[in-house]
1. 7 Å from Cα along Cα→Cβ at both residue 44 and residue 128: what's the point-to-point distance in nm?
2. Determine the gain in length on full extension of the stretch residue 112-residue 21; use 0.36 nm per residue of separation and subtract their C-alpha separation, reporting nm with one decimal.
3. Taking a spot 7 Å from the Cα of residue 172 along the direction of its beta carbon, which residues of the range 149-164 have an amide N less than 14 Å from it?
4. By DSSP, what percent of the beta bridges with both residues in the chain are antiparallel, rounded to the nearest 5?
5. Starting from the Cα of residue 4, step 7 Å along the direction of its Cβ; do the same at residue 30; then give the gap between the two resulting points in nm.
6. So what's the angle, to the nearest 10 degrees on a 0 to 90 scale, between helix 75-86 and the longest Cα principal axis of the chain?
7. To the nearest 10 degrees, how steeply does helix 56-70 sit against the main Cα axis of the chain, on a 0 to 90 scale?
8. Taking the chain as the reference, fit the longest principal axis to its C-alpha atoms, fit the long axis of helix 25-41 to the helix C-alpha atoms, and give the angle between the two in degrees, 0 to 90, nearest 10.
């Protein structure tokens, strides 16, 4: 099984247990993300926890010490981290945090979208595009807007693997292709 697949399974299990036990999903997500960021920001700790040559018992002891020192980690996340340490799977934590966040967003019917435009748009226009994407997807949309001068004009919206491309650049490429095909 791929690391992403394994992380997704752990995330699904954590999510299902949290729903059954009425755990605070936001807290779990914050704690997972926080631990992932701790590993990312501390290369020495990361090396100790993900290196296969370090025994699982030592990794478990490090996790227990970190949890005891922080004092604010929920029992559910503590159990998960200890389980991952015992199975020598702490390398999955960043992917697990991402998978849990995706599952949480899906549960809340929220989707992330990225909007690229040639120029910066006013807030009311971005809000109108966000509403249009919400109607198209049937979900709440978290929209991240950015400027891409290479588009020349128009906009490109990405929601997962779906792309709504209304850019002038794409229209020009289609026109070029059409002219090439008609000339043959």
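Read-outs: derived from the displayed coordinates by stated rules, not from any lab. Here the structure is a predicted model, which is why all the values come from computation and not from measurement. Note that we place each Cβ from the backbone using ideal geometry, even for glycine, and neighbour counts take in every protein chain shown.
1. Computed distance between label sites residue 44 and residue 128 equals 5.6 nm.
2. On the way: separation 91, 0.36 × 91 = 32.76 nm, distance 2.75 nm.
Gain on extension, residue 112 to residue 21, equals 30.0 nm.
3. Answer for the range 149-164: 149-155.
4. Details: 8 of 16 bridges.
Close to 50 percent.
5. 3.0
6. Relative to the chain, helix 75-86 is tipped by roughly 80 degrees.
7. 80
8. Result, in degrees: 90.
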